[in-house]
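**Q** Following this message is one structure expressed as structure tokens.
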Amino acid sequence: MRAVVQRVTQASVTVDGELLGRIGKGFLILLGVADGDTRQMAEKMADKICRLRIFEDENGKTNLSLEDVEGELLVVSQFTLYADCRKGNRPSFIKAGAPQMAESLYKHFMERCRTHVDVVEKGRFGADMKVELLNDGPFTLMLDSQELFGE
């Protein structure tokens, strides 16, 4: 499982002009699922992201978590995080999880996030989405379950 976490002051996602999700201060998470990922991995990744202390405290130190600042989440499925660009100029996506399994873990990830924060918005799995954000900092992190948890 891979995630790109962007600290934002606002973010939104639309499909065909329809607003699906909008948040204020919080994280925009682009989430990729690979074959072999599990519910346990999704839970660990959700817990890790929601506990990240990357918001500034009263002294300007990145010391506060999403919960501490009553932040919100916008989670967007992003199979392209598993693109393999080593050969040729057209990426291969064979490492991305099969759609049905990936969607199930995407939903499970969001359910787990809801145990940490009240507002968890989402895009539409598999859709052509338009994502807008105002990156705060900018502060962007890339997390990979294999690197974080050895899985």
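**Q** Take Glu132, Glu147 and sort them by solvent-accessible surface of the protein heavy atoms, 1.4 Å probe, largest at the top. Don't skip to the end; give the middle numbers.
**A** Values: Glu132 125, Glu147 155 Å².
The most accessible residue leads, giving Glu147, Glu132.
**Q** So, one more: How would Ile49, Ile94 rank on accessible area, largest to smallest, probe 1.4 Å? Spell out each step's value before the answer.
**A** Details: Ile49 0, Ile94 140 Å².
Greatest to least solvent exposure: Ile94, Ile49.
**Q** How large is the charge dipole for the stretch 1-147, taken about the Cα centre, if only the Cβ atoms of Lys, Arg (+1) and Asp, Glu (-1) carry charge, to the nearest 20 debye?
**A** Around 540 debye, computed over the stretch 1-147.
**Q** Can you send over the carbon and sulfur percentage of the accessible area for the chain, probe radius 1.4 Å, protein chains only?
**A** Values: 3890 of 8630 Å².
The computed percentage sits at 45.
**Q** Select from Thr115, Gly60, Leu133 the residue farthest towards the positive end of the dipole of the chain; place +1 on Cβ of Lys and Arg, -1 on Cβ of Asp and Glu, and compute about the Cα centre.
**A** About the Cα centre, the residue reaching furthest to the positive side is Leu133.
**Q** Can you give the Kirkwood hydrodynamic radius for the stretch 12-76, in Å, rounded to one decimal and based on Cα pairs?
**A** Values: mean 1/r = 0.0738 Å⁻¹.
The Cα-based Kirkwood calculation yields 13.6 Å.
**Q** With every protein chain present, what is the per residue accessible area of the stretch 1-147 (1.4 Å probe, Å²)? Don't jump to the answer; show the numbers that get you there.
**A** Values: 8370 Å² over 147 residues.
Counting only protein heavy atoms, the per-residue value for the stretch 1-147 is 57 Å².
**Q** Given the peptides 26-35, 100-109, arrange them by the average over their residues of other C-beta atoms within 10 Å, most packed first.
**A** Values: 26-35: 24.0, 100-109: 18.2.
Ranked by mean Cβ neighbours within 10 Å, highest first: 26-35, 100-109.
The values are calculated or read from the model by the stated rules, or taken from the named source; none is laboratory data. On a predicted model such as this, the values are computed, not experimentally measured, just so you know. Don't worry about glycine lacking a Cβ; one is built from the backbone with ideal geometry, like all the others, and counts go over all protein chains shown. The area values use the complete protein model at the heavy-atom level, side chains included, leaving out ligands, DNA and RNA. Shrake-Rupley method; radii C 1.70, N 1.55, O 1.52, S 1.80 Å.
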